[in-house]
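Enquirer: Please see the structure below; I have some questions.
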Amino acid sequence: MNKDDLEAKKSDFPEISSQMYNLLKELYPICRSITGDGVRKTLEIIQTHIPIEKHEVPSGTKVFDWTIPKEWNIKDAYIKNDKNEKIVDFQKSNLHILNYSKPIKSKLSLSELKHNLHTLPEQPNAIPYKTSYYNEDWGFCLTHNQFLTLKDGEYEIVIDSSLEDGNLTYGEFFLQGKKDEEVLLTCYTCHPSLCNDNLSGIVLVTLLAKFLSKFELNYSYRFLFIPETIGAITWLKFNEENISKIKHGLVVTCVGDSGKFTYKKSRIGDAEIDQTVINILKESEESFEISDFFPIGSDERQFCSPGFNLPVGSLMRTMYFNFPEYHTSLDNLEFVKAENLIKSFSMYLKIILELEKNSDSSKSKEKVKDQNTNREDVFINCIQKCEPNLGKRGLFDKVTRLDSGTTLRINWILNLSDGTNSLSDISNISGIEYNLIKETSELLLKHNLLKK
Ligand code: ZN
């Protein structure tokens with residue numbers, strides 16, 4: 001693919017723009033999760049655009065420090081008041097259910113029920129998106145305004161879901177180029193009715209794959225449609241021997257809002273992909289922000305874990321966490337616009353064009369830092385490949401999925417403890433006080449996640 005090829009195809013952009021938005025609309029109502037039929041249905045719809053290969057990995061399969069969980073499916077869920085009125089209905093919004101809720105049928109008083117209700121007092125009109133993976137629980141999510149109207153009385157609770165041995169499903173599409181060296185473009189398929197995070201990523205990756213398949217390419221391109229975290233860990237586990245073929249990669253997420261572009265660098269920091277994206281953003285007329293790598297966020301956490309340290313960054317519009325609609329019912333079909341999707345699509349294409357142009361001179365130059373293991377406060381993460389499962393060690397707040405200070409410090413220490421960074425280096429890089437880093441490192445030593 002060269003500049004002239006791309007110019008000639010630019011007339012296709014209005015059509016691509018509407019295809020992206022229509023696909024987003026088609027995928028929006030589906031109740032997805034990290035496993036289950038919602039993911040399968042999503043992949044089947046993507047297959048109407050590109051022939052992705054569907055993979056199924058059985059529950060119980062060990063993948064690095066993790067185990068593929070039971071498969072979750074849901075038919076219905078509601079709360080009825082004592083007048084037999086459905087006051088919370090899964091059929092109206094799949095965000096009403098704590099994702100991965102176990103089945104339940106019960107009658108509860110309001111005070112009992114309250115323990116399993118989730119709201120956002122600071123955004124009283126939004127339904128929050130909450131999950132309970134790896135921790136069998138049940139719950140409902142509703143707007144805070146609705147919550148305030150609930151009266152004392154008896155409530156009927158039904159969650160018609162199943163948590164059974166099954167599979168984790170993911171999709172993969174591969175375009176062979178002249179070289180075997182690969183560019184990885186990855187998105188996640190586990191969020192239910194949320195548009196920017198991450199249906200925007202799915203539709204951009206799908207249409208980009210479809211578009212690129214019309215050209216002769218220098219690099220080979222691999223497109224992943226995986227559930228976040230566990231899907232990336234699973235894919236890395238089963239593709240470990242081919243990982244060295246990946247020369248550049250991007251996690252595609254939050255590309256449909258109207259905010260300025262944000263590029264989160266790879267852990268390497270000055271890999272060719274980092275330089276290329278930054279140069280393209282500078283050349284564009286768009287305003288943008290650059291973020292150094294940090295070990296919270298999306299699947300770059302796994303691809304950039306110390307045992308892989310792949311040149312994988314993430315190009316977004318407004319970064320997750322930073323838009324108020326994030327993980328709420330306000331991240332909907334109005335929040336994402338076709339014109340933003342096509343702008344993001346075009347930015348990704350410019351980056352790919354630049355990588356293609358430089359593909360002959362491209363050298364993977366991974367910096368090898370000196371090992372500092374003889375120093376007093378230098379530790380090594382015992383699980384170098386992907387993140388450890390903190391939940392099974394009681395080190396992760398599963399329901400909120402918010403990163404408390406401790407979780408954040410744990411992630412920084414584990415991500416940077418590759419034998420080259422001391423605790424004071426980690427404190428400097430993360431901007432977190434040394435004493436707190438030191439204290440958290442002791443917790444990790446106790447849990448055998450860190451060693452000398
Ligand atoms: Zn998310």
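FYI, it's all coordinate maths here, none of it is from the lab. Not measured: the values here are computed from a predicted model. Cβ placement follows ideal geometry from the backbone for every residue including glycine, while neighbour counts extend to all protein chains displayed.
Enquirer: Over the range 266-317, consider all pairs of different Cα atoms and compute the Kirkwood hydrodynamic radius from their mean reciprocal separation; express it in Å, one decimal.
Expert: Evaluated on the range 266-317, it is 11.6 Å.
Enquirer: Separate question: Quick one: grab the alpha carbon gyration tensor of the range 201-243, order the square roots of its eigenvalues as a ≥ b ≥ c, and give me rounded if a/c is under 1.5, else prolate or oblate depending on whether a/b is larger than b/c.
Expert: oblate
Enquirer: Dividing the convex hull volume of the Cα atoms of the range 173-244 by its residue count, what figure in Å³ per residue is obtained?
Expert: 79
Enquirer: Sticking with this structure for a sec: Tell me the label-point distance for the pair GLU154, ASP4, using the 7 Å Cα-to-Cβ offset, in nm and rounded to one decimal.
Expert: 7.9
Enquirer: Let me make sure I get this right: for the range 196-322, a, b and c are the square roots of the gyration tensor eigenvalues over alpha carbons, sorted descending. Under 1.5 in a/c it's rounded, otherwise prolate if a/b > b/c, else oblate. Which is it?
Expert: rounded
Enquirer: Moving on. Could you give each residue of the range 148-157 its phi-based ³J(HN,Hα) in whole Hz, using Karplus coefficients 6.51, -1.76, 1.60 with θ = phi - 60°, and x for Gly or Pro?
Expert: Listing the rounded values in order: 5, 8, 5, 9, 4, x, 9, 10, 9, 10 Hz.
Enquirer: Round to a whole angstrom and tell me the spacing of the C-alpha centers of the range 273-321 and the range 1-58.
Expert: Between the Cα centres of the range 273-321 and the range 1-58 lies a distance of 22 Å.
Enquirer: While we're on this one: Which links in LYS245/LYS385; LYS178/LYS385; LYS178/LYS245; LYS392/LYS452 stretch past 21 Å when you go from one Cα to the other?
Expert: Exceeds cut-off: LYS178/LYS385; LYS392/LYS452.
Enquirer: Can you give the helix-only mean residue ellipticity at 222 nm for the chain, where every DSSP H stretch with n ≥ 4 adds -39500 (n - 2.57) and the sum goes over all residues, rounded to the nearest 500 deg cm²/dmol?
Expert: Rounded to the nearest 500, the figure is -8500 deg cm²/dmol.
Enquirer: Now a separate question. Is the range 95-180 rounded, prolate or oblate when judged by the Cα gyration tensor, a ≥ b ≥ c being the square roots of its eigenvalues, rounded requiring a/c under 1.5 and prolate requiring a/b larger than b/c?
Expert: oblate
Enquirer: Wrap a convex hull around the Cα atoms of the range 78-132, take a quarter of its surface area, and give that in square nanometres.
Expert: Details: hull surface 17.5 nm².
The directionally averaged projection comes out at 4.4 nm².
Enquirer: Between SER424 and LYS210, what is the FRET efficiency for a Förster distance of 45 Å, r being their Cβ-Cβ separation, to the nearest 0.05?
Expert: Values: r = 49 Å, r/R0 = 1.08.
Plugging the Cβ-Cβ distance into 1/(1 + (r/R0)^6) gives 0.40.
Enquirer: Now, a different point. Can you tell me the alpha carbon radius of gyration of the range 123-271 divided by the globular rule-of-thumb value 2.2 N^0.38 Å?
Expert: Working it through for the range 123-271, the quotient is 1.36.
Enquirer: Expressed in whole Å with the largest first, what are the equivalent ellipsoid semi-axes of the range 145-195 derived from the C-alpha gyration tensor as the square root of 5 times each eigenvalue?
Expert: Calculated on Cα positions only, the semi-axes equal 46, 17, 6 Å.
Enquirer: A follow-up question, please. Starting from the alpha-carbon convex hull of the chain, give the projected area averaged over all orientations, in nm².
Expert: 21.7
Enquirer: Further question on the same structure: For ILE97, enumerate residues with amide H under 5 Å from its amide H, sequence gap 5+ or separate chain, H modeled in the peptide plane.
Expert: Residues meeting the amide H criterion: CYS141.
Enquirer: If you don't mind, there's one more thing I want to ask. For the range 260-275, just list the computed ³J(HN,Hα) in residue order, Karplus coefficients 6.51, -1.76 and 1.60, θ = phi - 60°, integers in Hz, with x standing in for Gly and Pro.
Expert: Per residue, the Karplus-derived 3J(HN,Hα) values read 6, 5, 10, 10, 9, 5, 5, 4, 5, x, 10, 5, 4, 4, 4, 5 Hz.
Enquirer: Moving on to the next point. Along each of its three principal axes, how wide is the spread of alpha-carbon positions in the range 1-106, in whole angstrom units, largest first?
Expert: The principal-axis extents, from largest down, are 66, 41, 21 Å.
Enquirer: Only Lys, Arg, Asp and Glu count, each charged at its Cβ (+1, +1, -1, -1), so figure out the dipole size of the range 220-321 about its Cα centre, rounded to 20 debye.
Expert: 220
Enquirer: Let me ask something else. Using a Förster radius of 35 Å, what is the FRET efficiency between GLU44 and ASN358 based on their Cβ-Cβ separation? Nearest 0.05, please. Spell out each step's value before the answer.
Expert: Working: r = 37 Å, r/R0 = 1.05.
Working from the Cβ atoms, E equals 0.45.
Enquirer: At 25 °C and a viscosity of 0.890 mPa s, what translational diffusion coefficient does Stokes-Einstein give for the range 261-352, taking Rh as the Kirkwood radius over Cα pairs? Give it in µm²/s as a whole number.
Expert: 173
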